[in-house]
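What follows is a short report on a single structure.
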Amino acid sequence: MPSPANAAPLTAWADRTRSPAAFAEQVLAIAAVEVRKLARDPTEMFTRSVQPALWLLVFGQVFTRTRAIPTGSLSYSAFMAPGILAQSVLFMAIFYGIAVIWERDLGTLHKLLVSPARRTALVAGKALSAGVRGLVQATIVYVIAAALGSGPRFDPIALLGVAVMVVLASALFSTFSLCIACLVKTRERFMGIGQVLTMPLFFASNAIYPLAMMPHWLQVVARGNPLTYVVDALRAFMVNGGALGLPLDFAVVVTVLVALVAIAARMFPTLVR
């Protein structure tokens, strides 16, 4: 039981650790640690770029020639490029939770949980680092799309909009991944569930075909899928092809992200029990 003389300094210290400035500092510190891991092993990002490159080079080029999917004034490769960017962000972020399980097994996670950092800051910091990884993926997809003549926009507003949405989407799906990791708690189960989730999320969205082409039941599912709004925003910024409206896209993505961060912050300590 602290004495009255010591209670005031302890209270002041607790207030400082919970201030907005301290929260931001904690988030940036966690994100910096995660980004340094990426800097030490950049080959991971290039290996992950193989899949979006194949989608754009093979699938996109073939369907552009067949003209089987109506995309209005856009070529199919231009229509598809934002969807493949969203796909690469999804596939990278959805397996982010396995790194957290690995940290638990190494004992690193225990050290984080006994630190003064708020649980929300720990989750938000990891989400922000996933956003940095997403920006690397966005750069690779942008370069490939430009080389294929898919016409992505390079004006500052478009690039800023793409960057913001990529960071938000990476944070959203990495936080979702963290929630899954807290539930399953083992790498083997996590890999199985991650593989089950990625393809339904991708195909039940507007990534490779318009919503209007889907049967009614699938349109309902797609409108409840956050990836649909990520793709729509990226399509609006990259090729002027958005259909749902940017205010709705950002509102849905931010709302889901905030909800997932709150849920993950409550679940995070259960991972080490």
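Using alpha carbon coordinates only, what is the Rg to Rh ratio of the range 24-272, with Rh defined as the Kirkwood radius? Walk me through the numbers on the way to the answer.
Values: Rg = 18.0 Å, Rh = 18.4 Å.
That ratio is 0.98, to two decimals.
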Nitroxide proxy distance, nm - points 7 Å out along Cα→Cβ at Arg65 and Gln195: 3.2 nm
Packing-based ranking, highest mean first, of 254-262, 144-152 given that Cβ atoms within 10 Å are counted: 144-152, 254-262
Relative contact order (%) - the range 24-272, alpha-carbon pairs under 8 angstrom, separation at least six: 28 percent
Segment Asp105-Ala29, extension gain: residue separation times 0.36 nm, minus the distance between their alpha carbons: 25.2 nm
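Coordinate-derived values only; no laboratory data. Just so it is clear, the structure is predicted and the values come from calculations on it, not from any experiment. Positions of Cβ are backbone-derived with ideal geometry, glycine not excepted, and every protein chain shown enters the neighbour counts.
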